[in-house]
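Sharing a structure, written as structure tokens. Questions coming.
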Amino acid sequence: MRIADLAGRRVAVWGFGREGRAAILSIHAQLPQLPLALYCGEDEAEAARAFDATLTVYGQEPGSVALCAYDVVVKSPGISAYKAAVTTAQAQGTTFTSGTALWFADNPGARVIAVTGTKGKSTTTAFVAHLARALGVRTALAGNIGLPLLELQGQSAELWAIELSSFQTGEAGALELGVVTSLYEEHLDWHGSRERYMVDKLKMADVSRALLVNGQQAHLLERTAAHPHRLEFGTPAGWHVADGAIRRGEQAVFDLHAMAAPGLHNALNACAALAALETLGYDAVKAAPALADFRPLPHRLQPLGLHDGFVWINDSISTTPQATLAALDSLAGREVTVIVGGHDRGLDWSDFVHAAKDRSDLRIVAQGANGPRIAQALRAARASVPLGEAEDFADAVAMARTVTPASGVVLLSPGAPSFDQFKDYAERGRRFAELAGFAVEAIGIDGLGIR
């Protein structure tokens with residue numbers, strides 16, 4: 001469905017975040033006379049009326065009866081497609097779409113590399129854009145990474161590097177290349193089950209002419225085996241990491257010591273980006289030196305610097321135990337205090353407990369809604385690692401400051417979402433930086449938009 005197809009139909013926008021605002025602006029840019037209803041939070045209603053005086057604003061969540069009054073509802077990605085009100089309205093004939101789906105329908109000729117994955121998708125997408133631009137390719141960086149596609153409606157680029165979350169993978173149109181960086185369980189509250197999350201995440205494969213996947217994950221390979229044009233990264237035949245270098249087959253292309261983004265997982269993300277560009281015919285070997293001046297994304301193993309004798313690292317984006325383990329692996333050999341815990345989605349922490357329980361160079365501070373559950377799992381495993389529990393986030397940072405040895409690392413890598421105490425992971429990361437003593441104004445993503 002294109003924006004033009006909304007003409008003459010009863011249309012509502014659900015959500016007044018950045019995606020919702022982009023949808024309103026894009027729809028009214030093409031269809032200025034189209035009446036639009038907006039459903040948003042009660043605290044957003046006044047701002048919404050000021051944003052567009054023609055909107056009919058409802059400061060409440062719509063139920064199925066309200067949704068059934070519309071032909072089309074443009075839904076923000078954070079609203080689950082499996083809510084009872086949504087499925088009921090769909091059964092009664094209401095069509096649900098999104099800003100992502102509208103953009104793809106309006107831009108069928110765009111050359112797109114779309115990236116998804118439980119972890120690594122933002123950094124990989126940013127790597128694709130950064131490396132392509134190093135080759136002189138006019139490239140768009142957008143999507144779930146922080147810039148809704150509809151904010152770039154009507155603009156042109158030679159290449160589109162687009163991040164898609166599991167909420168958006170089913171909304172993409174035809175892709176030249178889809179990339180899957182990793183696949184673990186996550187967002188079970190939105191998807192409803194582990195299996196549904198996996199299925200939704202891989203919907204992107206159905207619209208990808210070529211599919212590039214992490215060859216190190218057996219279950220991902222199994223689930224994508226039927227794709228007719230599947231490629232792999234992370235394995236010796238292609239782009240992979242070995243012997244201190246990023247390699248293309250046996251050829252050493254880039255020394256890991258020169259990587260601006262720390263950690264082996266980021267080196268693997270770089271392999272995904274290089275393989276993606278090569279798949280589309282670009283000279284990835286020529287682009288690789290640009291990895292040295294890539295600015296790491298905020299909240300993703302972001303080094304904040306040295307303060308009060310400690311090294312502070314912000315990995316607030318970490319929302320699974322596996323992501324926390326990857327962060328700890330990137331700091332192997334250093335004295336680390338990790339702050340874990342947040343919103344409890346019921347994820348299994350047993351792998352984390354097994355890997356961390358006897359590390360002599362580690363201290364753990366558990367906080368947040370699932371902090372007690374993590375701490376109990378460590379105690380049940382008779383962990384020897386020093387363990388503290390904090391009442392809230394600020395107390396956790398203060399405790400970490402107290403127990404970390406001089407020149408040690410204080411790492412925020414919660415392994416859980418932020419919603420128990422914060423609006424989102426970015427707010428949590430900024431609060432961490434503030435409590436550590438750093439200015440937060442400079443925390444932002446480089447390169448969004450078209451360059």
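Among the residues of the range 88-100, write down those that are within 24 Å of S193 (Cα to Cα) and either in contact with a Pro (Cβ under 6 Å, 6 or more places away or on another chain) or part of a helix (DSSP H, G or I) (or both).
Correct list: T88, A89, Q90, A91, T100.
Considering only the range 420-451, how many residues are more than 15 Å from G368 (Cβ to Cβ) and part of a loop (DSSP other than H, G, I, E, B)?
Counting residues in the range 420-451 that are more than 15 Å from G368 (Cβ to Cβ) and part of a loop (DSSP other than H, G, I, E, B) gives 13.
Considering the range 312-342 alone, what residues qualify as being among the acidic types (D, E) and crowded, with 23+ Cβ neighbours inside 10 Å?
Correct list: D315 only.
Identify, from the list A161, A157, A110, the residue that is touching a residue at least 60 places away in the same chain (Cβ under 8 Å) and either assigned to a helix (DSSP H, G or I) or of a type in the set (A, V, I, L, M, F, W, C) (or both).
It is A157.
While we're here: May I ask you to list pairs of residues, at least six apart or on different chains, whose Cβ atoms are under 8 Å apart, with the first in the range 66-86 being over 18 Å from A23 (Cα atoms) and the second being modelled with pLDDT under 95 and aliphatic (A, V, I, L, M)?
If the second residue must be modelled with pLDDT under 95 and aliphatic (A, V, I, L, M), the pairs left are V86/I79.
Being within 28 Å of W312 (Cα to Cα) and in contact with a Phe, Trp or Tyr (Cβ under 6 Å, 6 or more places away or on another chain) is the filter; apply it to the range 235-260 and report the residue that is surrounded by the most Cβ atoms within 10 Å (Cβ to Cβ).
In this case the residue turns out to be I246.
G78 passes all but one of (1) outside the structural domain of S156 (by TED's automatic domain parsing); (2) at pLDDT 95 or above; which number fails?
(2)
Residue check: is V72 more than 20 Å from I3 (Cα to Cα), outside the structural domain of Y197 (by TED's automatic domain parsing) and modelled with pLDDT of 95 or more?
So V72 does not fit the description; no.
Taking into account only those residues within the range 283-301 that are basic (K, R) and surrounded by fewer than 17 Cβ atoms within 10 Å (Cβ to Cβ), which is nearest to A245 (Cα to Cα)?
K286
For G368, only one of the following conditions fails: (1) crowded, with 21+ Cβ neighbours inside 10 Å; (2) more than 27 Å from the chain's Cα centre (by Cα); (3) small (G, A, S). What is its number?
The one condition G368 does not meet is (2).
For the range 113-125, what are the residues that are of a type outside the set (D, E, K, R) and assigned to a loop (DSSP other than H, G, I, E, B)?
Matches in the range 113-125: G117, T118, G120.
The values are calculated or read from the model by the stated rules, or taken from the named source; none is laboratory data. All of these numbers come straight from a predicted model, not from anything done at the bench. Neighbour counts run over all protein chains shown; Cβ positions are idealised from the backbone, glycine included.
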